[in-house]
Amino acid sequence: MLTTVNVVFVFFNQKENAMPLIQSIEVYVVVNGTSATTADPVYVGVITKHFGGREFPLRYQKTSMSFVGGQTYKFGFSATGGDYLPAWDSQGSGSNSLSAYPLEVSDGAQFDQRVYLRKEPVRADGQADSALFLDDVSVTLRLDSGEAFFYRTRYSTNEEPSLVRLANEYGQIVYLYPV
């Protein structure tokens, strides 16, 4: 006798059982003083456990902004607004809006996310790669639960800065440490 058993799993995203959502992403970039100016596209990426991830452009071909040696830059992506200028197309219903396309965090654990900075090797206008040297990069993920997770190019705030090089000859991506 043949018996068929069907098992169906249903997950409800009810308020009391909902996964925490990332409400804002804040990015600080300190460009090394000896770095040449670059207009290559640069992105911050967040990969979440079980839920995929997204990239957000810090320097994008549709902006006229370039990274300049010796400068510090602050970017922000938010579902609710913030005290920083939003990065390209992150407002309201923009293609990089956290309110339009939320990122879930599996259980709110610091180590369940991977955060990275990536530079494209060629500008949109087809010009060759120009290196970007960074003294520091820090990213803050703020959740709707009130938690905040911090990531940096250094393992601790007491560590001496280590130069991050993003270019064809050094690599185009750097993962940040949870701190």
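Values for this structure:
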{"quantity": "Pairs, first under 24 Å from THR38 (Cβ atoms) and aromatic (Phe, Trp, Tyr) in segment 106-118, second in a strand (DSSP E or B) and at pLDDT 70 or above, C-beta under 6 Å, six or more apart", "calculated": "TYR116/GLY45; TYR116/ILE173; TYR116/TYR175"}
{"quantity": "Meets criteria (more than 22 Å from ARG59 (Cβ to Cβ) and modelled with pLDDT of 75 or more) for SER138", "calculated": "no"}
{"quantity": "Which numbered condition ALA128 fails, given (1) free of Cβ contacts under 8 Å to residues at least 24 places away in the same chain; (2) open to solvent by less than 20 Å² (accessible area, probe 1.4 Å); (3) of a type in the set (A, V, I, L, M)", "calculated": "(2)"}
{"quantity": "Residue in segment 152-172 that is under 14 Å from the mean Cα position of the chain (by Cα), of a type in the set (Ser, Thr, Tyr) and at pLDDT below 90 present", "calculated": "yes"}
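The values are calculated or read from the model by the stated rules, or taken from the named source; none is laboratory data. What you are looking at is a predicted structure, and each value in this text was computed from that prediction instead of being measured. In this analysis, Cβ positions are derived from the backbone assuming ideal geometry, glycine residues included, and neighbour counts consider all displayed protein chains. Please note that ligands, DNA and RNA were not included when accessible areas were found on the heavy atoms of the full protein model with its side chains. Shrake-Rupley method; radii C 1.70, N 1.55, O 1.52, S 1.80 Å.
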